[in-house]
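Just so it is clear, none of the values below were taken in a lab; they were calculated from the coordinates. Given the structure is predicted, the values throughout are model-derived calculations rather than measurements. Neighbour counts are summed over all protein chains in view; Cβ atoms, including those assigned to glycine, are modelled from backbone coordinates with ideal geometry.
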Amino acid sequence: MMNKSIYIAGIQQETSAFNPVVSTKAIFKDYNCEELKGTRGMMGGMVDTLFAANVQLTYGQSLGAASAGPIDDAVWQNFLKGVLADIAAKGPFDGIALVMHGATSSLSTPDVCGEIVAAVRAAVGEAVPIAVSHDLHANVTQKSAKNADYICGYHEYPHLDIYETGVRAAKLLLKHLAGEAQKTAYAAIPMIAPAHAYTTTKGALLALINDAKAMVERGEIADFSLFEAQPWLDVPEFASAVLVTAKDEATATRVANDLARRHFALRKELQGEPLLTVDEVIKRALANKTGKPVVLVDSSDSRGAGSTTDSAAVLEALLPYRDEIRAAVGVSDIPAVEKAFSLGVGAVADFTLGATIAPSLFKPVHVKNARIRSLHLGDFVMAGPIGRGGRANCGRVAVLEVGKILVHVSEISDGTRDINYFRSFGIDPEFCQLVSVKACTSLRAGYTPIAAEFCNTDTPGAAGAVLTKLDYQQRPVPLYPFEEINEGDIQAAVCYR
């Protein structure tokens with residue numbers, strides 16, 4: 001395909017509307033897409049596949065940030081200006097490849113990814129194919145579906161197929177350019193689910209995905225994606241979605257409608273079991289005799305879900321048991337780290353922890369007689385399997401010893417789902433009775449081998465696990481679980497292109 005030219009760019013950030021801290025350009029990592037060749041993200045999958053096909057590949061910008069609050073409009077607008085300038089100056093192109101999270105909103109724009117795809121479509125015209133790769137938690141809107149020829153999302157949660165998703169999108173684009181254009185059908189289901197409550201490793205959701213994969217393997221369809229919309233957006237167009245790509249419109253719409261109905265039927269199961277209180281989890285940990293830790297899932301303050309990670313609520317509940325329970329917890333708190341570094345290892349002092357980033361969400365917790373166990377520079381290598389071998393950086397880290405409780409206090413919260421978030425700083429979760437992890441479901445891939453059980457817990461945070469308690473202002477009606485829905489509320493599958 002040496003005679004085919006493709007432009008590639010990307011912007012990735014997952015937005016929590018309930019995080020009061022605006023995401024500025026400072027939190028984004030800025031690359032040229034070529035720099036991500038050989039990496040294991042969506043961009044790496046796309047770049048590697050397109051590069052191997054010997055197309056004329058023009059590399060644009062790739063911006064990426066961890067999940068956080070709404071992004072500053074200048075971030076995405078300047079990214080889009082750069083993309084459009086590249087297209088005007090370096091085109092025309094035979095195809096466009098875009099890597100975006102899919103659940104990004106800004107201070108003024110609820111559908112950043114849809115706006116970007118629409119602007120690129122306007123720039124390249126109707127004939128040029130556009131392929132997009134998204135996170136499973138994308139909120140795929142009609143604007144995106146009307147302007148992209150192909151949209152691929154992760155199949156797995158925990159996300160173990162990130163690279164492969166980029167590969168899938170790139171292959172669909174290459175097939176299109178080789179004369180094998182496909183039709184993509186889009187169906188939307190007005191429902192959302194808390195991200196801690198489901199996984200693709202078991203149950204009916206796994207069965208649904210496996211059935212769809214079997215259709216791909218049989219050649220009945222070319223690709224499919226089931227999108228569980230990121231539930232902490234607060235936007236007027238908000239739904240889970242099913243996308244199916246096939247050789248003809250009739251097949252694509254038929255399969256998409258069937259998958260959408262089956263997806264709809266899982267709406268109650270996807271809400272998960274009732275959450276435990278922190279006190280209930282502590283009691284389980286104290287009663288546990290397996291020799292393995294109970295994992296308290298503090299999903300409401302998960303950085304991966306867009307929260308601020310400065311909640312010390314779990315620590316507060318543990319303090320009455322400080323001399324009784326071996327526990328590991330983490331919190332982001334720059335002033336506390338500065339204090340620990342000024343005092344030095346071995347010093348004993350009182351600390352106030354938490355609520356330094358989002359005081360509107362949390363309250364500070366006062367800890368008496370904490371011993372500074374160790375001080376660190378917070379760079380570490382992730383154990384995985386998600387992101388295995390990649391680096392995370394927590395800034396400076398202080399480990400405080402509060403009785404038998406070890407507190408990982410960091411300037412930045414990074415890699416909290418990974419077991420090396422603790423191990424790299426001298427805290428071994430295997431020797432704990434309770435480990436509190438600020439993550440939703442991604443932690444399970446690494447913690448399953450050592451955990452006695454995972455306890456989804458009702459904790460405070462910008463990624464609140466009880467969706468009906470959150471103060472949505474813009475969401476559509478009806479939207480499950482806030483209102484009951486029926487099959488008639490499913491937007492029937494349509495091929496826009």
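Return the Rg/Rh value of the chain, two decimal places, where both radii are evaluated on C-alpha atoms and Rh is the Kirkwood radius.
That ratio is 0.99, to two decimals.
When Leu80, Leu443 are ordered from fewest to most other Cβ atoms inside 10 Å of their Cβ, what list results?
Values: Leu80 18, Leu443 28.
Lowest count first: Leu80, Leu443.
HN-Hα J couplings of the range 286-302 from phi, Karplus 6.51/-1.76/1.60, θ = phi - 60°, integer Hz, Gly and Pro as x?
5, 8, 5, 10, 7, x, 10, x, 7, 9, 8, 8, 8, 5, 5, 10, 6
For the peptides 126-139, 173-186, 209-222, what is the packing order when you average, over each peptide's residues, the other Cβ atoms within 10 Å and list the highest mean first?
The packing order, highest mean first, is 126-139, 173-186, 209-222.
Check Glu14: other-chain or 5+ apart residues with amide H under 5 Å from its amide H, H built from backbone geometry?
Ser67, Ala68
When ranked by the protection proxy of mean other Cβ atoms within 10 Å per residue, highest first, what sequence do the peptides 305-312, 84-91 form? Walk me through the intermediate numbers first.
Numbers: 305-312: 28.8, 84-91: 13.9.
Per-residue mean Cβ counts within 10 Å order the peptides as 305-312, 84-91.
Sorted by mean Cβ packing within 10 Å, highest first, what order do the peptides 480-493, 147-160 take?
147-160, 480-493
Give me a comma-separated list of calculated 3J(HN,Hα) values for the range 87-94, in order, Karplus coefficients 6.51, -1.76, 1.60 applied at θ = phi - 60°, integers in Hz, x for any Gly or Pro.
My calculation for the range 87-94 gives 4, 5, 8, 10, x, x, 10, 7 Hz in order.
List every residue whose amide H lies under 5 Å from the amide H of Gly403, counting only residues 5 or more places away in sequence or on a different chain, with H placed 1.01 Å from N in the peptide plane.
Under 5 Å from the amide H of Gly403: Arg371.
What's the local net charge at Asn420, with K and R +1, D and E -1, over the other residues with C-beta under 13 Å away? Spell out each step's value before the answer.
Values: positive: Arg388, Arg391, Arg417, Arg423; negative: Asp379, Asp414, Asp418, Asp428, Glu430.
Cβ neighbours under 13 Å give a net charge of -1.
Step through the table entries Lys213/Lys268; Lys183/Lys213; Lys363/Lys469, compare each Cα-Cα distance with 21 Å, and write down the pairs that go over it.
With Cα atoms farther than 21 Å apart: Lys213/Lys268.
In the range 58-87, which residues have a backbone nitrogen under 11 Å from the label point lying 7 Å from Ser108's Cα in the Cα-to-Cβ direction?
Residues 73-74, 77 qualify, since their backbone N sits under 11 Å from the label point.
The range 306-357 to the range 391-411: how many Å between their Cα centroids?
8 Å
Along each of the three principal axes of the Cα atoms of the range 278-465, give the extent in whole Å, ordering the values from largest to smallest.
Result, largest extent first: 38, 35, 32 Å.
Taking θ as phi - 60°, what are the ³J(HN,Hα) couplings along the range 254-267 by the Karplus curve (6.51, -1.76, 1.60), each to the nearest whole Hz, with x for Gly and Pro?
4, 5, 4, 5, 5, 5, 5, 5, 5, 5, 4, 5, 8, 4
For Lys4, what residues show an amide H to amide H distance below 5 Å, using hydrogens built from the backbone and excluding near sequence neighbours?
Close amide H contacts, sequence-distant or interchain: Gln56.
Compute the orientation-averaged projected area for the range 436-497 from the convex hull of its Cα atoms and round it to one decimal in nm². Spell out each step's value before the answer.
Numbers: hull surface 31.4 nm².
With the hull built on Cα positions only, its mean projection is 7.9 nm².
For the range 131-208, compute the orientation-averaged projected area of the C-alpha convex hull (one quarter of its surface), in nm².
5.8 nm²
Can you check what the net charge comes to around Pro478, using other residues whose Cβ is under 11 Å from the Cβ of Pro478 (Lys, Arg +1; Asp, Glu -1)? Write down the numbers at each step before the final one.
Working: positive: Arg475; negative: Glu483, Glu484, Asp489.
Within the 11 Å Cβ shell, the charges total -2.
Expressed in whole Å with the largest first, what are the equivalent ellipsoid semi-axes of the range 40-109 derived from the C-alpha gyration tensor as the square root of 5 times each eigenvalue?
Each semi-axis is the square root of five times an eigenvalue, giving 25, 17, 8 Å.
Under the classification rounded if a/c is under 1.5, otherwise prolate if a/b is larger than b/c and oblate if not, where does the range 164-282 fall, given a ≥ b ≥ c as square roots of the Cα gyration tensor eigenvalues?
Here the range 164-282 falls in the prolate category.
Where does the Debye-calculated log10 I(q)/I(0) of the range 395-437 sit at q = 0.29 Å⁻¹, using only Cα point scatterers of equal weight, no solvent?
One equal scatterer on each Cα of the range 395-437 leads to -1.25.
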